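J.: Dropping the structure in here first, questions after.
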Amino acid sequence: MKRILAIGLALLAAAALFVSCGAKGSNELVIQSNASDQAPKDQLQILADQFMKENPGIKVTINTTAHEQFKTQLMNYLTAKDAPDVLTWFAGYRMQQYAAKGLLEPLDSIWQDSEFPAAFKTASSYNGKTYFMPSSWYWWAVYYNKDVFAKLNLSVPKTWEEFEAVCAALKKAGIEPIAIGAKDTWTAGGWFDYMNVAVNGGALHQDLTAGKVSYTDPKVANTFNYIADLSKKGYFMKNAASYSWQEAATVMFDGKAGMYLMGQFIKDVAPADKKDKIDWFQFPIVGNNTAYGVDTPIDGYFVPAKAKNKANALKFAAFLQRKDVQESYCKALGRLAANQNVAPPNADAQRGLDMVKGAATAMQFYDRDAPEEMAAKGMNAIVDIIGTPDKAGDILAALDKERERIYAELK
């Protein structure tokens, strides 16, 4: 009898352990986020609180990592034995490279075609399966300090010649013409995207990011000549490589710089009393090339294949695509919702949408359209050219050798 009782107790203990292990984490959802600026960080927490209210059996934990650090740790997050359940990230190539390695969970079971434009599904898919839940998107443009422009009686430039005239007037007044926080090298990527499309058109730019065009091609070299010329004339702010993008934005907010090529999220870090003093205009037209391009990155979320609470993660991804959820998030931040049933949250966003609709080329962004290593090499090269414009030829020659190596290894 004692032996039977002992066996019974052992079986009960084993069963309890099995149930415990099987249930472990089933009431949890862990989100690893790169939304470290306060405004988007707060809004993500609001979404998490709403999700928990609708799903009281699930506890959501958000772990936030600074944006640049998040990039370097992403592969570790995806390959960890106990991977986070949901991660913030970007659509397009930067997502697809991880799907190709089998590191992402397909979202086809919860994806609703009626919620998104077909182009957004393409940007969220790889090899016929959907792996990314787009949440919001935004436009890049040239932001400027309205008080500075008014004080100097400057008009918004539409052509490159007008833009350079504004730069000259700002410099003469002792104001840095162009703010840029090149410590975060991706800020320089925006200059290359816009300048190359403005000079050479969208088709060549897309071929370049696909590795089909040399960085020493005369047309591409001409693009860099425009950037180098701005530097030679002293139009980029001094010591740009020592500033983060937020620090450089503060220089413009304070009226010590006139303009800044940046994404709409620049408004996230603007002080409340200065938000209305910042406006934007479309990147200037170069020559007769009126078919302009726009950087329109798509932000959102994906689920690691190794997520420990996968069912909860998929439930959260389904929640994220809803019209009311995206409307709430985007209204607070002034973003455009990925959900096509959500109207622009304000007049500024409508103006951004109209600009995007009129564009001949829509780019995700240089560091999202090109392979990761190529983008890193390219952005460093752009920063180097801004710092040492006289060495542009040598920098581009070295960069093209990297292009040949990187794309050959990808084949």
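J.: Quick check: is even one residue across the stretch 123-143 closer than 30 Å to residue 255 by Cβ, open to solvent by 40 Å² or more (accessible area, probe 1.4 Å) and of a type outside the set (Lys, Arg)?
T.: No, that holds for no residue.
J.: Now a separate question. Scan the stretch 103-156 for residues that are over 30 Å from residue 257 (Cα atoms) and among the acidic types (Asp, Glu) and jot them down.
T.: 105, 108, 113, 115, listed by residue number.
J.: May I pose another question? Check residue 70 against each of (1) closer than 22 Å to residue 311 by Cα; (2) open to solvent by less than 10 Å² (accessible area, probe 1.4 Å); (3) not small (Gly, Ala, Ser) and name the one condition it does not meet.
T.: Of (1) closer than 22 Å to residue 311 by Cα; (2) open to solvent by less than 10 Å² (accessible area, probe 1.4 Å); (3) not small (Gly, Ala, Ser), only one is false for residue 70: (1).
J.: Suppose the filter is modelled with pLDDT of 95 or more, of a type outside the set (Asp, Glu) and not in a loop (DSSP other than H, G, I, E, B); does residue 163 pass it?
T.: Judged against the criteria, residue 163 is a match.
J.: If you check residue 83 against the conditions, is it in contact (Cβ under 8 Å) with a residue 24 or more places away in the chain, within 18 Å of residue 132 (Cβ to Cβ), open to solvent by 30 Å² or more (accessible area, probe 1.4 Å) and of a type outside the set (Ser, Thr, Tyr)?
T.: Here the answer is no, as residue 83 does not meet what is asked.
J.: Given the residues 396, 320, 333, which is the only one that is open to solvent by less than 40 Å² (accessible area, probe 1.4 Å), farther than 23 Å from residue 93 by Cβ and aliphatic (A, V, I, L, M)?
T.: 333 is the lone residue from the list that is open to solvent by less than 40 Å² (accessible area, probe 1.4 Å), farther than 23 Å from residue 93 by Cβ and aliphatic (A, V, I, L, M).
J.: Looking at the stretch 225-296, what strands (runs of 3 or more DSSP E) fall wholly within it and have at least 3 residues that are more than 27 Å from residue 390 (Cα to Cα) and modelled with pLDDT under 95?
T.: Output list reads 293-295.
J.: Just name the residue that is farthest from the chain's Cα centre (by Cα) out of those in the stretch 84-127 that are hydrophobic (A, V, I, L, M, F, W, C) and within 17 Å of residue 315 (Cα to Cα).
T.: Going through the qualifying residues, I end up with 110.
J.: Is one or more of the residues making up the stretch 37-60 surrounded by fewer than 20 Cβ atoms within 10 Å (Cβ to Cβ), closer than 27 Å to residue 407 by Cβ and modelled with pLDDT of 95 or more?
T.: Taking every residue of the stretch 37-60 in turn, none turns out to be surrounded by fewer than 20 Cβ atoms within 10 Å (Cβ to Cβ), closer than 27 Å to residue 407 by Cβ and modelled with pLDDT of 95 or more.
J.: Need at least 2 residues that are over 18 Å from residue 280 (Cβ atoms), touching an Asp or Glu at 6+ places or on another chain (Cβ under 8 Å) and not basic (Lys, Arg) per element, so show me which helices (runs of 4 or more DSSP H) inside the stretch 304-359 make the cut, counting only ones lying wholly within it.
T.: 310-320
J.: Additional query: Here are the criteria: (1) touching a Phe, Trp or Tyr at 6+ places or on another chain (Cβ under 8 Å); (2) open to solvent by 10 Å² or more (accessible area, probe 1.4 Å). Tell me which single one residue 347 does not satisfy.
T.: (1)
J.: Can you spot a residue in the stretch 223-237 that is touching a residue at least 12 places away in the same chain (Cβ under 8 Å), closer than 18 Å to residue 373 by Cα and not polar (S, T, N, Q)?
T.: no
J.: Just one of the numbered conditions (1) within 15 Å of the chain's Cα centre (by Cα); (2) among the small types (Gly, Ala, Ser); (3) within 21 Å of residue 312 (Cβ to Cβ) is not true of residue 80; which one?
T.: Looking at each condition in turn, residue 80 falls short on (1).
J.: Let me ask something additional. With the requirement that a residue be under 16 Å from residue 367 (Cα atoms) and touching a Leu at 6+ places or on another chain (Cβ under 6 Å), what does the stretch 85-127 give you?
T.: If the condition is that a residue be under 16 Å from residue 367 (Cα atoms) and touching a Leu at 6+ places or on another chain (Cβ under 6 Å), then 98 is the only one that fits.
J.: Scan the stretch 173-186 for residues that are out of contact with any strand residue (DSSP E or B) (no Cβ under 7 Å at 6 or more places or on another chain) and crowded, with 23+ Cβ neighbours inside 10 Å and jot them down.
T.: Once the filter is applied, which keeps residues that are out of contact with any strand residue (DSSP E or B) (no Cβ under 7 Å at 6 or more places or on another chain) and crowded, with 23+ Cβ neighbours inside 10 Å, the stretch 173-186 yields 181, 182.
J.: Could you count how many residues in the stretch 211-221 are in contact (Cβ under 8 Å) with a residue 24 or more places away in the chain and open to solvent by 20 Å² or more (accessible area, probe 1.4 Å)?
T.: Residues that pass the stated criteria total 3.
J.: Counting only residues that are in contact (Cβ under 8 Å) with a residue 60 or more places away in the chain, open to solvent by 40 Å² or more (accessible area, probe 1.4 Å) and in a helix (DSSP H, G or I), which one in the stretch 360-388 is farthest from residue 99 (Cα to Cα)?
T.: Going through the qualifying residues, I end up with 387.
J.: Tell me, please, whether a residue that is polar (S, T, N, Q), crowded, with 21+ Cβ neighbours inside 10 Å and closer than 21 Å to residue 144 by Cα can be found in the stretch 262-275.
T.: There is at least one residue in the stretch 262-275 that is polar (S, T, N, Q), crowded, with 21+ Cβ neighbours inside 10 Å and closer than 21 Å to residue 144 by Cα.
The values are calculated or read from the model by the stated rules, or taken from the named source; none is laboratory data. In this text the structure is predicted, and so the values were computed from the model without any measurement. As a convention, Cβ positions derive from the backbone with ideal geometry for all residues, glycine included, and neighbour counts pool all protein chains shown. Note: accessible area is taken over every heavy atom of the protein model, side chains too, but ligands, DNA and RNA are not part of it. Shrake-Rupley method; radii C 1.70, N 1.55, O 1.52, S 1.80 Å.
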